Amino acid sequence: MSPNPVRSALLMCGISCTLLLPAQSHAQLAQNIFIGNPKALALGNAVTADPPGIDAIHFNPAGLAKLRGRQYEIKGIAADFSLEAEFSPGPELQTAFELFPETLSDPLVNGQTSELSGTSVMLPFFGLTEIPALLAATGGASFEVEEQNMVLATGVFAPMLLGLKREPDDPGIYSGEEVGITRLTYFSPSVGYRISDTLFVGAALNFSYVGVGLNFDMRLPNFTFGAFDTLQQGGCFDPDGSIVSNPLNDIICPQDLEDPARLSPFQGMAYIEAEFERPLSTTFNVGVL
């Protein structure tokens, strides 16, 4: 049989486009970890072409069509999340510190380290909650309708679950003293259908809870606040630290250099607490195998 020239040309065109077009890769911390499937975790979630069991609801619902009879699963998941950091000034900031040692001093970038002290997660009805350990129970069930070549399934799983907590005096609080991100799918009616022995299709409708909670200190380390802080130090205080009293200084000057009213780029400007929730968030998955 001679090769089809049109088919060969299309194949070569597809391969060329794949090689020439730039591809982007995005790392997603905590994505799919609490699906809790050992095979998916071991393969970096690259299981779309061979979805594992009832968890095919999430990875590729067409894989449900391979299941036989009635199946149930219950999984217990435990995780320990660790994050450590060390802060140091970049070359430009280090040069500025050396040029103006009396006026520029950031207490957080001189080799200080940060580490997590616990776990806080967003929970339905409770909001951002500190818990002693990151534990979860998930599961699912499937039922084969033999005369219809069809499998029905549903499951409970967490496509995204992330939680962390730092001590109030930890230098990392400016990127989050408490952070919790949760997406919990609590109902996922799904169907997988066998068209033939080698072709399967499937679809899943997911009903989920979504919540994000943030508690963090905020500062504004930029040039504008740095310049204003320098003006405050030079125009508000005598060399002995006493306030230079005049009507303008009485309005714009802090009481002392430790006063929270001081507009310093290296001082906390605000403390923000926020929680966002959506009890019902729907998504759908479709797949072919």
Say whether the condition of being in contact with a strand residue (DSSP E or B) (Cβ under 9 Å, 6 or more places away or on another chain), surrounded by 14 or more Cβ atoms within 10 Å (Cβ to Cβ) and touching a residue at least 60 places away in the same chain (Cβ under 8 Å) is met by at least one residue in region 129-138. yes
Of residues in region 63-98 being in contact with an Asp or Glu (Cβ under 8 Å, 6 or more places away or on another chain) and part of a helix (DSSP H, G or I), the one nearest to ALA46 (Cα to Cα): GLY63
Looking at (1) among the β-branched types (Val, Ile, Thr); (2) surrounded by 13 or more Cβ atoms within 10 Å (Cβ to Cβ); (3) assigned to a loop (DSSP other than H, G, I, E, B), which is the one condition that is false for ILE173? (3)
Scope region 151-170; condition assigned to a strand (DSSP E or B) and within 24 Å of the chain's Cα centre (by Cα); matching residues: GLY155, VAL156, PHE157, ALA158, PRO159, MET160, LEU161, LEU162, GLY163, LEU164, LYS165
Give me the pairs: first residue in region 266-282 and at positive phi, second residue loosely packed, with under 11 Cβ neighbours inside 10 Å and in a strand (DSSP E or B), beta-carbon distance under 6 Å, and six or more apart or on different chains, which are they? none
Based on what the data block shows, is ILE35 in contact (Cβ under 8 Å) with a residue 60 or more places away in the chain, of a type in the set (A, V, I, L, M) and buried (at least 18 other Cβ atoms within 10 Å of the Cβ)? yes
Limited to region 117-150, what total is found for residues that are part of a strand (DSSP E or B) and of a type outside the set (Gly, Ala, Ser)? 15
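Rule-based calculations on the coordinates, nothing more; no lab input. From a predicted model like this one, the values you see are computed outputs, not experimental measurements. Positions of Cβ are generated from backbone atoms using ideal geometry, with glycine treated the same way; all protein chains shown enter the neighbour counts.
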